[in-house]
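Worksheet: the structure to be examined is printed underneath.
The values are calculated or read from the model by the stated rules, or taken from the named source; none is laboratory data. What you see is a predicted model; the values in this text were computed from it and never measured. Methodologically, a virtual Cβ is constructed for each residue, glycine included, from the backbone with ideal geometry; neighbour enumeration extends over all protein chains shown. Please note that ligands, DNA and RNA were not included when accessible areas were found on the heavy atoms of the full protein model with its side chains. Shrake-Rupley method; radii C 1.70, N 1.55, O 1.52, S 1.80 Å.
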Amino acid sequence: MRAKPVGTGPFKVVEFKRGVSVSLVRNADYWKKGLPLLDGIEYRVIDNRSTRVLAFIAGEIDLTFVSDITVSGLKDISAQAPNAKCQFVPSNNTINLIVNPGAPPFDKLELRKAMALALDRGAFNTILAEGKSMIGW
């Protein structure tokens, strides 16, 4: 299946290049008549988020992941590709302060608790996401 996918449903796999792309074509035998509405879909594998966003701005791809778009990035995309339709939505991406609890002084639980209590989550939201993110507790 992973080496020679066939495709089920509204599209069939035409070409599969591992780590590069997947090309799909409309399945004429699809059970729901009149669907799909597209003749085909080309999925490009672009590992780097910045490269995906640049490809979107350049018009090389039609969409990217919701998590690729940041508040500051949205402004940049709007400036460079004014006809692009972009929307910033909160996702399950997190911004964390990560420390190594096995290395001094972070091996002390009290210090890690103090760091967590000292962080102003509201300020993080205001500065990093211009107040548009949701704060998890």
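Of the residues making up region 36-85, those that are farther than 29 Å from Asn125 by Cβ and β-branched (Val, Ile, Thr) are Ile41, Val45, Ile61.
The residue of region 8-28 that is surrounded by the fewest Cβ atoms within 10 Å (Cβ to Cβ), among those that are closer than 17 Å to Ile46 by Cα and of a type in the set (A, V, I, L, M, F, W, C), is Val20.
With respect to the conditions (1) within 25 Å of Pro5 (Cβ to Cβ); (2) β-branched (Val, Ile, Thr); (3) surrounded by 15 or more Cβ atoms within 10 Å (Cβ to Cβ), Thr51 falls short on a single one, namely (3). Of everything in region 29-42 that is assigned to a loop (DSSP other than H, G, I, E, B) and open to solvent by less than 80 Å² (accessible area, probe 1.4 Å), the residue that is nearest to Lys12 (Cα to Cα) is Tyr30. Among the residues of region 70-91, the ones that are surrounded by fewer than 10 Cβ atoms within 10 Å (Cβ to Cβ) and either small (Gly, Ala, Ser) or farther than 19 Å from Val53 by Cα (or both) come to 1 in all.
Based on what the data block shows, is Lys4 out of contact with any Ser or Thr (no Cβ under 9 Å at 6 or more places or on another chain), at pLDDT below 90, of a type outside the set (Ser, Thr, Tyr) and surrounded by fewer than 12 Cβ atoms within 10 Å (Cβ to Cβ)? If you could, list the steps in order and put the result at the bottom.
Numbers: out of contact with any Ser or Thr (no Cβ under 9 Å at 6 or more places or on another chain): yes; at pLDDT below 90: yes; of a type outside the set (Ser, Thr, Tyr): yes; surrounded by fewer than 12 Cβ atoms within 10 Å (Cβ to Cβ): yes.
Answer is yes for this residue.
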